[in-house]
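The values are calculated or read from the model by the stated rules, or taken from the named source; none is laboratory data. This one's a predicted model, so the numbers in the text were calculated from it and none came from an experiment. Using ideal geometry, Cβ is built from the backbone for each residue, glycine included, and neighbour counts are taken over all protein chains shown. In case anyone asks, the SASA skips ligands and DNA or RNA and just uses the protein heavy atoms, side chains included. Shrake-Rupley method; radii C 1.70, N 1.55, O 1.52, S 1.80 Å.
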Amino acid sequence: SDIYTHMGMFDKALCDYEKCIEEYDAHDELPDDTIICGITLYYAMGDMTKCEEYVKRVIDRLEDMHASEFIDACKVIFDCSLKSEKYDFVDIVIDKMDRYMKEHEDESKVGVQIEELKYNYAKKMNDHMAMIEALEKKNYYYGRIVNFLEEHRVISMDEYLETHRHLQQAV
(Lines give C-alpha, C1' and ligand atoms only; values in the text may rest on other atoms or scores of the structure.)
Protein backbone atom coordinates (compact mmCIF):
# COMPACT_ATOMS: atom_id res chain seq x y z
CA SER A 1 0.00 0.00 0.00
CA ASP A 2 2.76 2.41 0.93
CA ILE A 3 4.62 1.80 -2.32
CA TYR A 4 1.47 2.28 -4.39
CA THR A 5 0.76 5.49 -2.47
CA HIS A 6 4.18 6.88 -3.34
CA MET A 7 3.64 5.86 -6.95
CA GLY A 8 0.33 7.77 -7.04
CA MET A 9 -1.71 4.60 -7.61
CA PHE A 10 -4.25 5.44 -4.92
CA ASP A 11 -6.99 2.97 -5.93
CA LYS A 12 -4.56 0.06 -5.69
CA ALA A 13 -3.02 1.48 -2.48
CA LEU A 14 -6.43 1.83 -0.82
CA CYS A 15 -7.49 -1.66 -1.92
CA ASP A 16 -4.31 -3.20 -0.49
CA TYR A 17 -4.53 -1.13 2.68
CA GLU A 18 -8.11 -2.24 3.36
CA LYS A 19 -7.17 -5.82 2.55
CA CYS A 20 -4.34 -5.71 5.11
CA ILE A 21 -6.72 -4.45 7.75
CA GLU A 22 -9.60 -6.80 7.01
CA GLU A 23 -7.84 -10.02 6.03
CA TYR A 24 -4.58 -9.83 7.96
CA ASP A 25 -5.62 -7.96 11.12
CA ALA A 26 -3.00 -5.29 10.49
CA HIS A 27 -4.32 -3.05 13.26
CA ASP A 28 -3.64 -5.89 15.72
CA GLU A 29 -0.42 -7.25 14.22
CA LEU A 30 1.36 -4.01 13.24
CA PRO A 31 -0.75 -1.21 14.71
CA ASP A 32 1.81 1.60 14.52
CA ASP A 33 2.94 0.83 10.97
CA THR A 34 -0.66 0.44 9.83
CA ILE A 35 -1.74 3.80 11.19
CA ILE A 36 1.36 5.56 9.83
CA CYS A 37 0.71 4.03 6.41
CA GLY A 38 -2.92 5.21 6.67
CA ILE A 39 -1.83 8.79 7.34
CA THR A 40 0.38 8.80 4.26
CA LEU A 41 -2.31 7.21 2.09
CA TYR A 42 -5.21 9.42 3.14
CA TYR A 43 -3.09 12.57 2.99
CA ALA A 44 -1.91 11.72 -0.54
CA MET A 45 -5.51 10.99 -1.57
CA GLY A 46 -6.62 14.34 -0.16
CA ASP A 47 -8.95 12.78 2.41
CA MET A 48 -8.01 15.17 5.21
CA THR A 49 -10.82 14.00 7.50
CA LYS A 50 -9.53 10.42 7.52
CA CYS A 51 -5.93 11.64 7.63
CA GLU A 52 -6.61 13.76 10.73
CA GLU A 53 -8.43 10.85 12.36
CA TYR A 54 -5.33 8.69 11.90
CA VAL A 55 -3.02 11.52 13.03
CA LYS A 56 -4.95 11.77 16.30
CA ARG A 57 -4.68 8.00 16.77
CA VAL A 58 -0.91 8.10 16.25
CA ILE A 59 -0.47 11.08 18.56
CA ASP A 60 -2.19 9.09 21.30
CA ARG A 61 0.24 6.20 20.76
CA LEU A 62 3.51 8.12 20.32
CA GLU A 63 4.75 7.66 23.87
CA ASP A 64 4.38 3.88 23.61
CA MET A 65 6.43 3.54 20.42
CA HIS A 66 10.02 2.40 20.06
CA ALA A 67 12.57 4.92 18.77
CA SER A 68 12.39 3.99 15.07
CA GLU A 69 8.59 3.87 14.99
CA PHE A 70 8.43 7.07 17.04
CA ILE A 71 10.58 9.05 14.64
CA ASP A 72 8.82 7.57 11.57
CA ALA A 73 5.44 8.53 13.01
CA CYS A 74 6.60 12.01 13.96
CA LYS A 75 8.08 12.57 10.50
CA VAL A 76 4.90 11.47 8.71
CA ILE A 77 2.63 13.57 10.92
CA PHE A 78 5.04 16.48 10.75
CA ASP A 79 5.38 16.42 6.95
CA CYS A 80 1.66 16.03 6.26
CA SER A 81 0.68 18.64 8.85
CA LEU A 82 3.29 21.15 7.70
CA LYS A 83 2.26 20.81 4.05
CA SER A 84 -1.43 21.16 4.88
CA GLU A 85 -0.66 24.01 7.33
CA LYS A 86 -2.16 22.15 10.30
CA TYR A 87 0.27 23.80 12.69
CA ASP A 88 -1.56 22.62 15.78
CA PHE A 89 -0.51 19.04 14.93
CA VAL A 90 3.04 20.21 14.21
CA ASP A 91 3.18 21.87 17.64
CA ILE A 92 1.84 18.71 19.32
CA VAL A 93 4.46 16.57 17.58
CA ILE A 94 7.25 18.97 18.54
CA ASP A 95 6.07 18.84 22.15
CA LYS A 96 6.02 15.01 22.06
CA MET A 97 9.50 14.96 20.51
CA ASP A 98 10.86 17.26 23.21
CA ARG A 99 9.36 15.07 25.94
CA TYR A 100 10.77 11.96 24.26
CA MET A 101 14.27 13.44 24.22
CA LYS A 102 14.03 14.39 27.91
CA GLU A 103 13.24 10.77 28.73
CA HIS A 104 15.77 9.28 26.27
CA GLU A 105 18.71 11.67 26.40
CA ASP A 106 21.08 9.05 24.98
CA GLU A 107 19.14 8.72 21.70
CA SER A 108 21.40 11.09 19.77
CA LYS A 109 20.41 9.80 16.34
CA VAL A 110 16.75 10.47 17.13
CA GLY A 111 17.78 13.90 18.43
CA VAL A 112 19.42 14.73 15.09
CA GLN A 113 16.26 13.78 13.21
CA ILE A 114 14.05 15.74 15.61
CA GLU A 115 16.16 18.87 15.26
CA GLU A 116 16.00 18.51 11.47
CA LEU A 117 12.20 18.56 11.67
CA LYS A 118 12.27 21.54 14.03
CA TYR A 119 14.60 23.36 11.64
CA ASN A 120 12.21 22.75 8.73
CA TYR A 121 9.30 24.09 10.76
CA ALA A 122 11.23 27.18 11.85
CA LYS A 123 12.26 27.74 8.24
CA LYS A 124 8.65 27.49 7.07
CA MET A 125 7.61 29.97 9.79
CA ASN A 126 10.59 32.23 8.95
CA ASP A 127 11.76 32.03 12.58
CA HIS A 128 15.51 32.58 12.35
CA MET A 129 16.16 32.21 16.08
CA ALA A 130 14.41 28.81 16.14
CA MET A 131 16.38 27.78 13.05
CA ILE A 132 19.64 28.64 14.79
CA GLU A 133 18.57 26.83 17.96
CA ALA A 134 17.66 23.70 15.98
CA LEU A 135 21.00 23.76 14.16
CA GLU A 136 22.90 24.19 17.44
CA LYS A 137 21.08 21.26 19.04
CA LYS A 138 21.63 19.18 15.91
CA ASN A 139 25.35 19.95 16.14
CA TYR A 140 25.29 18.94 19.81
CA TYR A 141 23.76 15.56 18.93
CA TYR A 142 26.24 15.05 16.08
CA GLY A 143 29.04 15.77 18.56
CA ARG A 144 27.68 13.12 20.91
CA ILE A 145 27.51 10.62 18.06
CA VAL A 146 31.12 11.37 17.07
CA ASN A 147 32.28 10.97 20.69
CA PHE A 148 30.41 7.67 20.99
CA LEU A 149 31.96 6.36 17.76
CA GLU A 150 35.42 7.50 18.84
CA GLU A 151 35.07 5.69 22.19
CA HIS A 152 34.07 2.50 20.39
CA ARG A 153 36.92 2.87 17.93
CA VAL A 154 39.38 3.07 20.84
CA ILE A 155 37.79 0.02 22.52
CA SER A 156 37.96 -1.92 19.25
CA MET A 157 41.59 -0.94 18.78
CA ASP A 158 42.43 -2.08 22.34
CA GLU A 159 40.70 -5.41 21.70
CA TYR A 160 42.58 -5.78 18.43
CA LEU A 161 45.93 -5.08 20.11
CA GLU A 162 45.13 -7.52 22.94
CA THR A 163 44.20 -10.24 20.42
CA HIS A 164 47.36 -9.48 18.44
CA ARG A 165 49.46 -9.77 21.63
CA HIS A 166 47.86 -13.17 22.45
CA LEU A 167 48.56 -14.41 18.91
CA GLN A 168 52.21 -13.33 19.17
CA GLN A 169 52.54 -15.18 22.47
CA ALA A 170 50.98 -18.25 20.95
CA VAL A 171 53.39 -18.18 18.02
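Just a few scattered comments:
- In the stretch 4-27, the residues that are under 12 Å from Gly38 (Cβ atoms) reach residues that are part of a helix (DSSP H, G or I) and open to solvent by 60 Å² or more (accessible area, probe 1.4 Å) with C-beta atoms within less than 6 angstrom, at least six apart or across chains, in these pairs: Ala13/Tyr4.
- Tyr142 meets the conditions (1) in contact (Cβ under 8 Å) with a residue 24 or more places away in the chain; (2) under 16 Å from the mean Cα position of the chain (by Cα) in every case but one. The failed one is (2).
- Among the candidates Glu103, Glu115, residue that is at negative phi, of a type in the set (Asp, Glu) and in contact (Cβ under 8 Å) with a residue 24 or more places away in the chain: Glu115
- Ile132 being under 24 Å from Lys75 (Cα atoms) and either modelled with pLDDT under 90 or in a helix (DSSP H, G or I) (or both): yes
- Looking across Arg99, Arg61, Arg165, one residue alone is at pLDDT below 95, over 19 Å from the mean Cα position of the chain (by Cα) and of a type in the set (Lys, Arg). It is Arg165.
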